[in-house]
Structure formats: C-alpha cells, structure tokens
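Colleague: I am attaching a structure below and will ask some questions about it afterwards.
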Amino acid sequence: MRGVLLGRSEAAPETRPEGPNPLAEPFSIGRLTLSNRIVQAPLAGIANRAFRLQSHRHGAGLAVSEMVASLGIVHGNRKTLDMLELDPAEGPMGIQLFGADPGAMAEAARAAQDAGADFVDINMGCPVRKVCSTGAGAAMLADPENAARVIGAMVRAVEIPVTVKMRRGLTPASAAPVELARRFEAAGASALFVHPRAAAEEYEGTADHGITAEVVRAVGVPVIASGDIVSPADGRRVLERTGCAAVAIGRGALGYPWIFGDLAAGSPRPRPGLDEVVDEVTRFAADAREVLGDRRVCGYMRKFYPWYLAGHRTPPGLLESMLRAPTLDEALGMLPSSLRASSPA
C-alpha cells in the first residue's frame, strides 16, 4: 500500500488517449449487464456497504463485498448476517463468500441471493493463514476437486451468477492457473476474477498480467483482471493486453475513490485538494457510522485517515492525533475548522 500512495504523489500527468474508452463500455456476467468495465474489488475488512456506496457514487459499474463467512451465515451469527444487509442505492453488487464445505456454501449463496445480491463470488484468493487453515481461501486452489464441488453446489442452489476470485496458485512453482480456470468454468462459474500473483507472494513484486491473458484465452466466460491497476493508463493497458472483460480496483481505491471516475473518463482528474478530501472523508464516515455503529466505526475509519491525507499538507501531528482519538466525532473534529465548515452535515 505504501507504494500505491507514493505513486499517487509522484505520477506524471496522463495524456488522455485518442478514441473511445473501452473501460466505459458495458459488459455482462451471465444475465447481469453492467454499465462499464470498472469493478470495485472485494477487500476484507474494508468493502462494507458504506465503501460500496462510495465506489458506485464515484463511478464503479460493479462492487463486491468484503468476504463473508459461509459458516457464520449457516449458524446465524448476528455480525455475519449484518454483512448481508444491502442498500438499494448501491447499484449492482456481489457478495463474496468463503468456506470449503459445499453444503454450507450453497446455503450461504441462497442467503446472499435472498438478501438481494446480483451475484455471489467465491473467495479462492485469500492467503491469510487463519482462512487457509480451514481449507478455504487460496487453499482451495490446492484441492480443485472440492473447489469444483463447491462451485457446482452453489450454481445449483441459486439463480444468480456464481463467480470465482482466484490467484494463480498457492506458490509460483505449483501454480496451474489455466487448468484451474478451465475446471472452474466447467463446474459452472459465470466469470473469473484473476489476480496473477501466487498466494505465497501476497502483494509483493509485480502482478504478471501475462498470466491473466493466458486464462482469458483458455476460457469462454468473462475474466476480470485484478492486481496493480491504480490509474486509467493501467486499466486500459491491462484490458488491451489481456483481452479481459473488466478490471477490478482494490488498493488503488483506498483513500482515492476518485479512481473509478478517472477510469470511466479515461484519464485522471486534477488531484483533489484537501478541502475536497475532507468533504469525502466526512461523507464516507457518516455512511460508515450508519453501517457499523458508534463503537466500531472509530476503529474502521482509523484505517482510512492515512490513506486520504497522504501527500497533503496538514497541521503537524494531525494524523497521529486523529489515530489516537477515542471517538469518530473527536477524530473528525480535529480536521481544520475552515475545511470542516464546507463539509456536508
């Protein structure tokens, strides 16, 4: 993430390419048609309802939830079930589920459909040990037979599309992304999100979208490219190089939701000034408070202050003080008063 923030500060202005912007064209996942090829990627602990609303407001054609535990849904965990609460104003969105039991994943998929999701996604990319130790997340790539059973069970359980978010494999040496992609398509997946790093690499190095292109050529369903897409030039380059159907933006949107509009326009807008950033943080925090409540929202928003304020001239010690503030109101109250005065209530 540090590299993404540094790149925002140092990037040279992009020249708007000639001709129509392919990222602004519609595409489909099964029977679901999206207005553009710009997707807000699923982000664990981040992509709640407030974040998805923000992504759509700034121009994303599709948004995907943070990963939701299938067993939490099956067992009626209140906090997990709250993650299925959607807002009609969100626009097209998908619920991402994780788990390795076909029956539980099928039941969770039905719950997501009943909640109003437009599609359901299976997490086969999370490299976190706590998730992989249960056989879920990226660990599913090491057991393609069970992965196919999970996909098949979910496809039979719902009428909405079932998609898969996958990495290239567990390690670079053992990766077989083309074979996995073909198997997932045969099992019924309507689209594949492809992050071409191995799970063991996490977010190190550079995403090799040559691998994404190999998957695109191997399957007939839409492939959504993910990884190191942080500008309109990146998005267009990956789309044209790989032949993918769409691009997914994850870390590039953290603290810079304007990226979705940049991609839709085909070139970046002038960098938002601090007053606009304060307005955005204030609006986003209000939505997050509605989703999470007063107690949880403070910790959630602490993730975002460094991302939004990076590269802006702020009073000395402001960020540190905001991160220590015990409540959201106290944190937001530390923003320069002249800027808060222009922010929406």
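Values quoted throughout were computed directly from the atomic coordinates according to the rules given, and no laboratory measurement underlies them. Source: prediction; values computed, not measured. For neighbour counting, all protein chains shown are included, and Cβ atoms are generated from backbone atoms with ideal geometry for every residue, glycine included.
Colleague: Could you point to the label whose value was computed as Cα extents along the principal axes in Å for the structure here, given (i) 58, 50, 36; (ii) 54, 47, 45; (iii) 70, 55, 53?
Modeller: Label (i) holds the value from this structure.
Colleague: Counting other beta carbons within 10 Å of each residue's own, what order do Ser28, Ser133, Ser267 fall into, fewest first? Don't skip to the end; give the middle numbers.
Modeller: On the way: Ser28 13, Ser133 10, Ser267 16.
Arranged by neighbour count, lowest to highest, Ser28, Ser133, Ser267 become Ser133, Ser28, Ser267.
Colleague: Could you put Ile229, Ile46 in order, starting from the residue whose Cβ has the fewest other Cβ atoms within 10 Å? Mind dumping the intermediate values first?
Modeller: On the way: Ile229 27, Ile46 20.
Neighbour counts put them in this order, fewest first: Ile46, Ile229.
Colleague: Still on this structure, please answer the following. Against the longest alpha carbon principal axis of the chain, how many degrees, from 0 to 90 and to the nearest 10, is the axis of helix 102-115 turned?
Modeller: With rounding to tens, the tilt is 50 degrees.
Colleague: So what is the diffusion coefficient of segment 242-345 in µm² per second by Stokes-Einstein at 37 °C and 0.692 mPa s, using a Kirkwood Rh over Cα pairs? Could you put the intermediate results ahead of the total?
Modeller: On the way: Rh = 14.9 Å.
It diffuses with D of about 221 µm²/s by this estimate.
Colleague: Under the rule of -39500 (n - 2.57) per DSSP H run of 4 or more residues, summed and divided by the residues of the chain, what mean residue ellipticity at 222 nm is obtained, to the nearest 500 deg cm²/dmol? Please report the intermediate quantities before stating the final value.
Modeller: Working: 16 runs with 151 residues, N = 345.
Calculated at 222 nm, the ellipticity per residue is -12500 deg cm²/dmol.
Colleague: Which GluC sites (Glu not before Pro) does segment 160-242 hold that lie in a coil by DSSP with at most 12 other beta carbons within 10 Å? List each step's numbers first, then the result.
Modeller: On the way: sites: Glu179, Glu185, Glu201, Glu202, Glu204, Glu214, Glu240; in loops: Glu202, Glu204.
Hits after loop and neighbour filter: Glu202, Glu204.
Colleague: Let me ask you something else. Express the relative contact order of the chain as a whole percentage, based on alpha carbon pairs under 8 Å and six or more residues apart in sequence.
Modeller: Numbers: 671 pairs, mean separation 53.9, N = 345.
Relative contact order comes out at 16 percent.
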